[in-house]
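Enquirer: Here it is, the structure in full.
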Amino acid sequence: MFTNGRMIAPLLKRSTALLSGLLLAGMLAACGSNGANGANGANANNASQSASAAASPEAAPQTDASPAASEAAGATRVVSTVMGDVTVPAEPKRIAGMLYVFADHLLALGIEPMAMVTYNDLGFPSYLADGMPDTIAVGSGEAPNLEKLLEAKPDLILASKTMNEAGYDQLSKIAPTILFDNENEDDWQRFRDTAAILGLEAKADEIKAQYDAKVAKARDELAKVAPGETVAYMRVQDKQLQLIQPSDNFTLFGALGLTPASVEGIDFKGSWNVAISEELLPELNPDRLFIILRPGQDNKEALDHIMDTPIWKSLKAVQNDRVYIGDANLWFAGFGPIGLGKVIDEITGAFGISS
């Protein structure tokens, strides 16, 4: 929720002992024969049936989930991915995610992940943590703790081509691994891709329809309570105050149709954001100001400094107490149905509209 408090999460500790590394290497080698491509047993039978099909180059994994195929595979199915055909459980029970957006996806579908990486090696984000009491944290997405992941005994790993391609072989020795190549797709297509792996496309479509109805209702109510009001959208990162380009839409200006403060005199240099000095704030002088604060004491001190200046105190939004400070873990990384819905709630709440 919007707050002026500190948002500092404790860093997760990583195991780096040499002995643990040696033990992990041995365990990975031992389970190598049960890799993502199913080299024996029912998996081998399934793989032979699909040998004539070429691996799909498409971004979203494609599944063969027909009843006949499922029965022949012995409760498994073949998913065509950017890494080739992967045999996965027909109904996985212990799912691990290598991007924490997968936690949002799974929880929205009613599934608690067995293991999950964390955002920037911090704890699980507050808006998801309540739904993950038994989920095992396995470090950052950039460098997951494979020992902890192995201990979690997942039967399916959801991963990202961008983040995890280099470590794909190691992941696939722990459990069948789906490498998604869809980070350039919109948030809802990525959610549906995840749901498709689990055979839950219909549920994903229902969730999307509920979100669309929520957005439409919020947009109508905002138009009534704040006609003509202008909004500036900023963040504090790397000790800088950065202005977000309104034409990039985001939720404020895209889904909800709020009016951005004029940025006519500001050069974004082709980027979706640009660092600005406090001297430019009077040019914006919005009716409402949303600031997303990145974690870190340096960022908080930078914002505190700006908020203590005469220029800041002269702004309309400041004088009318219409400045809202949000959590970057939600606003800049909450790209699943739960996170997107909570952003809508925070925006409408800032305008005095109840969800």
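The values are calculated or read from the model by the stated rules, or taken from the named source; none is laboratory data. Keep in mind that what you see is a predicted model, and the values were worked out from it rather than measured. Cβ sites come from the backbone with ideal geometry, for glycine too, and all protein chains shown count toward neighbours. Keep in mind that these areas ignore ligands, DNA and RNA; they rest on the heavy atoms of the full protein, side chains included. Shrake-Rupley method; radii C 1.70, N 1.55, O 1.52, S 1.80 Å.
Enquirer: In segment 237-250, what count of residues is obtained for those that are open to solvent by less than 30 Å² (accessible area, probe 1.4 Å) and either in a helix (DSSP H, G or I) or of a type in the set (Asp, Glu) (or both)?
Expert: From segment 237-250, those open to solvent by less than 30 Å² (accessible area, probe 1.4 Å) are 241-244, 246; that's our starting set.
Filter once more, so that each one left must be either in a helix (DSSP H, G or I) or of a type in the set (Asp, Glu) (or both): 246.
Qualifying residue count for the region: 1.
Enquirer: Tell me which residues, restricted to segment 271-286, are assigned to a loop (DSSP other than H, G, I, E, B), open to solvent by 30 Å² or more (accessible area, probe 1.4 Å) and under 21 Å from Asn249 (Cα atoms). Talk me through it step by step, then tell me what you get.
Expert: Quick first cut of segment 271-286, residues assigned to a loop (DSSP other than H, G, I, E, B) only: 271-272, 276-277, 285-286.
Those left that are additionally open to solvent by 30 Å² or more (accessible area, probe 1.4 Å): 271-272, 277, 285.
Selection gives Ser271, Trp272, Asn285.
Yes/no per residue for (1) free of Cβ contacts under 8 Å to residues at least 24 places away in the same chain; (2) in contact with a Lys or Arg (Cβ under 8 Å, 6 or more places away or on another chain); (3) part of a strand (DSSP E or B); (4) open to solvent by less than 30 Å² (accessible area, probe 1.4 Å):
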| residue | (1), (2), (3), (4) |
| --- | --- |
| Gln189 | no, no, no, no |
| Ala218 | no, no, no, yes |
| Ala232 | no, yes, yes, yes |
| Ile266 | yes, no, no, yes |
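Enquirer: Being open to solvent by 30 Å² or more (accessible area, probe 1.4 Å), under 16 Å from Val79 (Cα atoms) and either touching a Gly at 6+ places or on another chain (Cβ under 9 Å) or of a type in the set (Asp, Glu) (or both) is the filter here, so list the residues in segment 191-216 that pass it.
Expert: Passing the criteria: Leu200, Glu201.
Enquirer: Continuing with this model, one more query. Is segment 313-321 home to any residue that is on the phi < 0 side of the Ramachandran plot, open to solvent by less than 70 Å² (accessible area, probe 1.4 Å), part of a helix (DSSP H, G or I) and touching a residue at least 60 places away in the same chain (Cβ under 8 Å)?
Expert: Applying the first criterion (on the phi < 0 side of the Ramachandran plot) to segment 313-321 yields 313-320.
Still in the running and open to solvent by less than 70 Å² (accessible area, probe 1.4 Å): 314-315, 317-318.
Now restrict to residues that are part of a helix (DSSP H, G or I): 317-318.
From what's left, touching a residue at least 60 places away in the same chain (Cβ under 8 Å): 317.
Among the residues of segment 313-321, at least one is on the phi < 0 side of the Ramachandran plot, open to solvent by less than 70 Å² (accessible area, probe 1.4 Å), part of a helix (DSSP H, G or I) and touching a residue at least 60 places away in the same chain (Cβ under 8 Å), which makes the answer yes.
Enquirer: Now a separate question. If we keep just the residues of segment 322-355 that are assigned to a loop (DSSP other than H, G, I, E, B) and touching a helix residue (DSSP H, G or I) at 6+ places or on another chain (Cβ under 6 Å), which is surrounded by the most Cβ atoms within 10 Å (Cβ to Cβ)?
Expert: Filtering segment 322-355 down to residues assigned to a loop (DSSP other than H, G, I, E, B) leaves 322, 332-336, 351-355.
Checking which are touching a helix residue (DSSP H, G or I) at 6+ places or on another chain (Cβ under 6 Å) leaves us with 333, 335-336, 351, 353, 355.
Details: Ala333: 17, Phe335: 20, Gly336: 27, Phe351: 19, Ile353: 16, Ser355: 12.
Applying the filter and picking the extreme gives Gly336.
Enquirer: Sort out which residues of segment 162-187 are over 26 Å from Ala90 (Cβ atoms), part of a helix (DSSP H, G or I) and among the aliphatic types (A, V, I, L, M), and write them in order of number.
Expert: Met163, the sole residue that qualifies.
Enquirer: Oh, and also: I need the helices (runs of 4 or more DSSP H) fully contained in segment 44-161, keeping only those with at least 1 residues that are modelled with pLDDT of 95 or more and open to solvent by 10 Å² or more (accessible area, probe 1.4 Å). It would help to see each step written out before you state the result.
Expert: On the way: elements: 67-72, 101-108, 126-129, 146-152.
Ranges flagged: 101-108, 146-152.
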